[in-house]
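Below is one structure, written out as structure tokens; the observations come after it.
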Amino acid sequence: MTQTRRGLLIILSSPSGAGKSTLSKRLLAWDPSLSFSVSATTRQPRPGEVDGKDYHFLEEGEFKRLAGEGGMLEHADVFGNYYGSPKAPVAEAIGQGRDVLFDIDWQGAQQIRNSDLGKFTLSIFILPPSIKELRRRLETRGQDSTEVIQKRMAKSWDEISHWDGYDFVLVNDDLDATFEKLKTIVDATRLRREQQPGLVVHVRALQGEFEEML
């Protein structure tokens, strides 16, 4: 049977520090055909970040213009900076049967699920094993000031409270085990009937063969 698989919008969400960024990197290394949706943002680059690779760094006016013209698949204000996903490259990838990975919060996930590409989404929420462990991870990664960590912890419950809006939920108490579960979910969803448009043609061909036998 010859067919073209439709691409998936694979969404990973979690409170900061629960592991979605690490799991995203592992998924990309596991399957080179996966592409990462490079978000646009108005925040300043962190040390080592490259424009066009880690983020598209935009001025606030440019970001708002694109969003207003429908050029963002999703966007949100996070800690005083705008983040969003350019729509055009994602739509192109889906049409060509390529999966696109999103590392976004629940607001962005909700916008994508409600978009015209929503039927192609696979959404997965990552929970921490405990709030204490969540804070420890934020402190040990050394990326944020104490003030920012406090803000992220204050926001964490708001993020966690939206866990039931996702297709799958994983508790990241063991990174390796969680990653194995994540791969299983992705592989299975790629075989979902909606992702295989060629099935209709194949079933019609089987019907034709069957009728010829009668």
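The values are calculated or read from the model by the stated rules, or taken from the named source; none is laboratory data. The model shown is predicted, which means the values in this text are computed figures rather than measured ones. Counting neighbours? That spans all protein chains shown, and the Cβs are built from the backbone with ideal geometry, glycine included.
Which residues, taken from segment 133-150, are exposed (fewer than 15 other Cβ atoms within 10 Å of the Cβ) and at negative phi? Even if it seems obvious, please write down each step before you answer.
Of segment 133-150, the ones exposed (fewer than 15 other Cβ atoms within 10 Å of the Cβ) are 133, 136, 139-143, 145-148, 150.
GLU133, ARG136, GLU139, THR140, ARG141, GLN143, SER145, THR146, GLU147, VAL148, GLN150, listed by residue number.
Which residue out of ALA91, ALA109 is surrounded by 16 or more Cβ atoms within 10 Å (Cβ to Cβ), out of contact with any Phe, Trp or Tyr (no Cβ under 8 Å at 6 or more places or on another chain), of a type in the set (A, V, I, L, M) and assigned to a helix (DSSP H, G or I)?
Details: ALA109 fails: out of contact with any Phe, Trp or Tyr (no Cβ under 8 Å at 6 or more places or on another chain).
Going through ALA91, ALA109 in turn, the sole match is ALA91.
Does GLU139 satisfy being closer than 20 Å to ARG26 by Cα, free of Cβ contacts under 8 Å to residues at least 12 places away in the same chain and not aliphatic (A, V, I, L, M)? Please lay out each step first, then the result.
Numbers: closer than 20 Å to ARG26 by Cα: no; free of Cβ contacts under 8 Å to residues at least 12 places away in the same chain: yes; not aliphatic (A, V, I, L, M): yes.
It is false that GLU139 is closer than 20 Å to ARG26 by Cα, free of Cβ contacts under 8 Å to residues at least 12 places away in the same chain and not aliphatic (A, V, I, L, M).
Go through segment 115-154 and give me each residue that's in a helix (DSSP H, G or I), modelled with pLDDT under 85 and under 30 Å from GLY71 (Cβ atoms).
Listed by number, the residues that qualify are VAL148, LYS151, ARG152.
Taking segment 157-183 only, how many residues are assigned to a helix (DSSP H, G or I) and of a type in the set (A, V, I, L, M, F, W, C)? If you could, list the steps in order and put the result at the bottom.
Let us first name the residues in segment 157-183 that are assigned to a helix (DSSP H, G or I), namely 157-160, 163-165, 175-183.
Within this subset, residues satisfying the condition of being of a type in the set (A, V, I, L, M, F, W, C) are 157, 160, 163, 175, 177, 179, 182.
Number of matching residues: 7.
All but one of (1) farther than 24 Å from GLU49 by Cβ; (2) crowded, with 18+ Cβ neighbours inside 10 Å; (3) more than 12 Å from the chain's Cα centre (by Cα); (4) not small (Gly, Ala, Ser) hold for TYR166, so report the exception by its number.
The failed condition is (3).
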